[in-house]
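First the structure, which I've put down as structure tokens, then a few questions once you've had a look.
No lab work stands behind these numbers, since they all come straight from the coordinates. What you see is a predicted model; the values in this text were computed from it and never measured. Note that each Cβ is placed from the backbone with ideal geometry, even for glycine, and that neighbours are counted across all protein chains shown.
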Amino acid sequence: MNDLTKQDFEVNRLGKATLTSPLYREYKEDAPHKEFIEDSRRIIYDASLASFEEHKNNDIEPISFLKAGPRKEIYFDPSKTKAAIVTCGGLCPGINNVIRGLVNGLYYRYNVKNIWGVQYGYQGFISDYGHEMVKLSPNVVKDIHLFGGTILGSSRGRQEISAIVDTLERENINILFTIGGDGTLSGNHVIHEEIERRGLKIATAGIPKTIDNDVNFMTKTFGFDTAFTTAASIVRDAHNEATGAYNGVAIVKLMGRDSGFIAANAALAMPDVNFVLIPESKFDLYGDKGFLKTLAKRVEERHHALVVVAEGAGQHLFEEAEVVKDKSGNIKHQDIGVFLKDQITDYLKEQNMEATVKYIDPSYIIRSEVAIPADSVFCNDLALNAVHGAMAGITDFVVGRWHNQFTYLPIPVATASRKKIDVDGALWWSVLETTGQPIDMTND
Ligand code: ATP
Ligand code: MG
């Protein structure tokens, strides 16, 4: 945030939007007061009065985001527009809802009938893989929100950007929608740069997909509500496992590579949790204030304990380990869940405590879950707003939500850094107060 300026939040445009939107034509008659969004409408980043006064006193314009929504004028002529959709990276609840929203928004709202699905992520652009593009229509997508996963398939691994843009050019695609995480969005940005270099008029729009809810400048990303809701019921089951045995300890590992939002929210939703371990808050295993001794004390007093750990927590405990990366270059974390299970088992044995330790890793079950209704609504809105932005000729952007309003952000600011839990902020303090775990489990 610190180094970003007002200019960094200005979205890129292919050119002036001069065509009357079919939505405007339709509403002008029947709903003349329907709101269309002017490009001067912006959502302020910091809504506090103190920030307002500081900016006013120093005569500085505050950081703000372009408001999303339908424009009166659009850039692309719907009858000549061809759109493509691609999904990359890991699964997240709601991807199919987003695909459905994009297809229906393009088809019914803008009369864009030429819509294609690119299969298996960015691989689908590379002819050597042989993944054909699939024609999409409301009929094809009508039931897909009833299933988890992505009907288009996904992949990881770098593909040649010039080959991707060659395909966009050859196939006469005007708008590319990318649904994916930071890798996909970084890919989207470099695709945009190559498009610009070639002087093409192709819009690229991203719908951020990160189950960890770790995108900056967005209150929430799609799939997150489903993820922690599903996680919460698994945490409840784990609590039953813990209380079902004398000195029962249950450990649930949840997603959260760098940010512990799922773990924190699942624990707040199911407040039987006694310890939440997240990447943002370091802890020691041993020593008087360390996790193992604190846990043993809890087990001794109450004869059961429930631990929720985010996958990226406690990575400092593996400092010696070799760094392993996946096909896309993401660092693969060491398995903190299995490690903790072994450490807890050994430690309690050393303390001569007869204990039963159970470990649950529900990650793939959660990732492939069907979106809950709140997420379905959110996915549909994100998709429609992505369509509005792209049709207006905005490019290299993502759709987000801030202060309950939909926004358009340039991809580079959305991927510049990750959103993390502020350990001095309200969310983490709620977790500490709900679990009763010590504020600090380090010895120095
Ligand atoms: P997840 O959150 O599941 O990791 P992701 O979108 O970050 O989702 P990745 O596998 O990291 O998933 O990336 C998706 C795709 O984007 C991969 O094919 C990857 O090679 C590509 N990609 C990532 N970064 C870039 C980049 N800078 N330039 C080009 N392609 C990239
Ligand atoms: Mg990634």
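For the pair Glu73 and Asp342, how long in nm is the line joining their label points, each one 7 Å along Cα→Cβ?
6.5
Next question, about the same structure. By DSSP, what percent of the beta bridges with both residues in the chain are antiparallel, rounded to the nearest 5?
Details: 21 of 55 bridges.
About 40 percent, rounded to the nearest 5.
If I take R0 = 30 Å and measure r between the Cβ atoms of Glu29 and Asp381 in this structure, what FRET efficiency does the formula 1/(1 + (r/R0)^6) give, to the nearest 0.05?
Numbers: r = 25 Å, r/R0 = 0.82.
About 0.75, to the nearest 0.05.
What does the charge dipole of the chain about its Cα centre add up to, to the nearest 20 debye, if the Cβ of each Lys and Arg holds +1 and the Cβ of each Asp and Glu holds -1?
In debye, rounded to 20, the chain gives about 1620.
Could you please state, rounded to a whole Å, how far the C-alpha centre of segment 222-297 is from the C-alpha centre of segment 115-133?
Measuring centre to centre over Cα atoms gives 39 Å.
Between His316 and Asn330, what length comes free when the chain is fully extended (0.36 nm per residue of separation minus the Cα-Cα distance, one decimal in nm)?
Values: separation 14, 0.36 × 14 = 5.04 nm, distance 1.72 nm.
Fully extending the segment from His316 to Asn330 adds 3.3 nm.
Around Val398, which amide H atoms from residues at least 5 apart in sequence, or from another chain, sit under 5 Å from its own amide H, with H modelled in the peptide plane?
Gly206, Leu409, Ile411
Taking only DSSP H segments of four or more residues, each worth -39500 (n - 2.57), what value at 222 nm results for the chain once the sum is divided by all its residues, to the nearest 500 deg cm²/dmol?
Rounded to the nearest 500, the figure is -10500 deg cm²/dmol.
State the Cα centre-to-centre distance between segment 1-49 and segment 99-113 in whole Å.
Taking the Cα centre of each part, segment 1-49 and segment 99-113 sit 20 Å apart.
Also, I was wondering about something else. Check which residues have an amide H placed less than 5 Å from Phe177's amide H, if you skip close sequence neighbours.
Ala84, Ile85, Val86, Ala205
Work out which trypsin sites (Lys or Arg not before Pro) in the chain are exposed loop sites (DSSP not H, G, I, E or B, at most 11 other Cβ within 10 Å) and give the longest gap free of them.
Answer from the scan: 159-326.
Sticking with this structure for a sec: From the residues Val413, Gln437, Ala374, which one has its Cα farthest along the dipole of segment 292-444 in the positive direction, the dipole being from +1 and -1 charges on Cβ of Lys/Arg and Asp/Glu about the Cα centre?
Most positive-ward Cα: Ala374.
OK, next. Provide the FRET efficiency to the nearest 0.05 for the Ser51-Tyr108 pair, computing r from the beta carbons and using R0 = 30 Å.
0.15
Given the options Leu19, Leu176, Leu91, which has the most mean-square fluctuation in a GNM of the chain, springs set between C-alpha atoms less than 10 angstrom apart?
Greatest mean-square fluctuation among the candidates belongs to Leu19.
Still on this structure: Treating the beta-carbon of each Lys and Arg as +1 and of each Asp and Glu as -1, no other charges, what is the dipole magnitude of segment 1-89 about its Cα centre, to the nearest 20 debye?
Dipole magnitude for segment 1-89 comes out near 560 debye.
Do you know the relative contact order of segment 229-337, to the nearest whole percent, from alpha carbon pairs under 8 angstrom that are 6+ apart?
After rounding, I find 32 percent.
Hey, what do the phi angles of segment 89-99 turn into as Karplus ³J(HN,Hα) couplings, whole Hz, using 6.51/-1.76/1.60 and θ = phi - 60°, x for Gly and Pro?
x, x, 6, 7, x, x, 4, 5, 4, 5, 4
Each label point is 7 Å from the Cα along the Cα-to-Cβ direction; what then is the distance between the points at Glu196 and Asp444, in nm?
Between Glu196 and Asp444, the label points sit 4.5 nm apart.
Calculate how steeply helix 426-435 sits against the longest principal axis of the alpha-carbon atoms of the chain, using the helix alpha-carbon long axis, and give the answer as 0 to 90 degrees to the nearest 10.
Orientation of helix 426-435: about 30 degrees from the principal axis.
If I take every Cα pair under 8 Å that is 6 or more residues apart in the chain, average their sequence separation and divide by the length, what percent do I get for the relative contact order?
Over the chain, the number comes to 23 percent.
Segment 1-107: which GluC sites (Glu not before Pro) are DSSP loop and have at most 14 other beta-carbon atoms within 10 angstrom?
Glu10, Glu35, Glu38
Angle between the Cα long axis of helix 373-391 and the longest principal axis of the chain, 0 to 90 degrees, nearest 10?
Computed tilt is about 30 degrees.
Given H placed 1.01 Å from N in the peptide plane, which residues other than close sequence neighbours of Ser64 have an amide H under 5 Å from its amide H?
Here Tyr45 satisfy the definition.
Take the Cα gyration tensor of segment 1-77, multiply each eigenvalue by 5, square-root it, and list the three semi-axes largest first, rounded to whole angstrom.
Three semi-axes, in Å: 32, 16, 8.
While we're on this one: Taking the Cα centre of segment 162-217 as origin, work out the dipole magnitude from +1 charges on Lys and Arg Cβ and -1 charges on Asp and Glu Cβ, in debye rounded to 20.
200
Still on this structure, I have one more. Per-residue HN-Hα couplings for segment 305-310, Karplus 6.51 cos²θ - 1.76 cosθ + 1.60 at θ = phi - 60°, whole Hz, x for Gly and Pro?
Coupling constants for segment 305-310: 7, 10, 10, 10, 10, 7 Hz.
Something else: Using only Cα atoms and rounding to the nearest 10 degrees, what angle (0 to 90) does helix 182-197 make with the longest principal axis of the chain?
30
Go through segment 223-237 residue by residue and turn each phi into a ³J(HN,Hα) via Karplus (6.51, -1.76, 1.60, θ = phi - 60°); whole Hz please, and just put x for glycine and proline.
x, 5, 4, 5, 4, 7, 5, 5, 4, 4, 6, 5, 4, 4, 4
Given R₀ = 30 Å, FRET efficiency for Thr243-Leu432 by Cβ-Cβ distance, to 0.05? Intermediate values should be presented prior to the final figure.
Values: r = 22 Å, r/R0 = 0.75.
Efficiency, rounded to the nearest 0.05: 0.85.
Could you work out the mean projected area of the convex hull around the alpha carbons of segment 225-292, in square nanometres to one decimal? Kindly include the intermediate steps, with their values, before the conclusion.
Values: hull surface 19.8 nm².
That works out to 4.9 nm², a quarter of the Cα hull's surface.
Sticking with this structure for a sec: Among the GluC sites (Glu not before Pro) in segment 249-330, which ones are in a DSSP loop with at most 11 other Cβ atoms within 10 Å of the Cβ? Mind listing them?
Answer by residue number: Glu319, Glu320, Glu322.
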